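Have a look at the structure below, then the notes.
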Amino acid sequence: MEHHFFAYLYRMRYIERWSLMRSTVRENVAEHSFHVSLLTHVLCTIGNEVFGRSWPTDRVVSMALFHDATEVITGDIPTPVKHHNPHILRNFRELEQLAADKLVQMIPGELRHAYEPLILGPADPELARIVKAADLLDAYLKCAAELSAGNREFGTAKKQIEQSITELNMPEVEYFLTRLAPSLEKTLDELSD
């Protein structure tokens, strides 16, 4: 019997993000998932090494890697559409759950226990919050890059994302934004100096 789980996951590279926005650099869900995984790793590392937490880095990074897996079925629904009203958001969450259930059924039975929690979502809200922070940071960095390239299209989105990041109230995020993020806006020549 064939199992199509990984064939679907490999299709994340075809799903474009920011579809309602004019972008100077296009981004797909596979790239985004990689970046969110990197950011999750650094947030966990900052939390554990600087703020004395004991977050399970490997587990949280695995969660991040799969955090948008359902988009291979649903596509990337833009945030303004999802959050237009509570009815749309509720229906989207139901659609997301159906997509997650469908993906889980594609996993061979003997492997399902390892992937099911990653697809269906975390049981631990604190760990989910770390992935959410990394997801927001990646969106923030995308907005900053677009604005640096002269694309004002992302100005409002950046302000909204900054507000969401502030509401998380995570010192790990503040550490990243003040000590690591500024270099992401530099050119290669500036980084080489």
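Name the residues in region 74-92 that are at pLDDT 85 or above and either in contact with a Cys (Cβ under 7 Å, 6 or more places away or on another chain) or open to solvent by 70 Å² or more (accessible area, probe 1.4 Å) (or both), would you?
Narrowing region 74-92 to residues at pLDDT 85 or above: 74, 90.
The answer is Arg90, and nothing else.
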Exercise. Any residue in region 124-133 that is in contact with a helix residue (DSSP H, G or I) (Cβ under 7 Å, 6 or more places away or on another chain), at pLDDT below 95 and not hydrophobic (A, V, I, L, M, F, W, C)?
Worked result: no
Exercise. Name the pairs: first residue in region 159-186 and open to solvent by 50 Å² or more (accessible area, probe 1.4 Å), second residue in a helix (DSSP H, G or I), Cβ to Cβ under 6 Å, at least 6 apart or on different chains?
Worked result: Tyr175/Ile46; Leu184/Leu141; Glu185/Ala144; Glu185/Ser148
For this session: Please go through region 8-31 and pick out each residue that is within 14 Å of Thr70 (Cα to Cα), assigned to a helix (DSSP H, G or I) and either of a type in the set (D, E, K, R) or in contact with an Asp or Glu (Cβ under 6 Å, 6 or more places away or on another chain) (or both).
Result: Arg11, Arg13, Val29
Seminar exercise, completed: Taking region 45-73 and keeping residues closer than 20 Å to Ala7 by Cβ, open to solvent by less than 40 Å² (accessible area, probe 1.4 Å) and not in a loop (DSSP other than H, G, I, E, B) leaves Glu71, Val72
Exercise. What about Val42, is it within 12 Å of the chain's Cα centre (by Cα), assigned to a helix (DSSP H, G or I) and either among the hydrophobic types (A, V, I, L, M, F, W, C) or loosely packed, with under 15 Cβ neighbours inside 10 Å (or both)?
Worked result: no
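The values are calculated or read from the model by the stated rules, or taken from the named source; none is laboratory data. Quick caveat: nothing in here was measured; it's all calculated off a predicted structure. As a convention, Cβ positions derive from the backbone with ideal geometry for all residues, glycine included, and neighbour counts pool all protein chains shown. These accessible areas exclude ligands, DNA and RNA; they are computed on the full protein's heavy atoms, side chains included. Shrake-Rupley method; radii C 1.70, N 1.55, O 1.52, S 1.80 Å.
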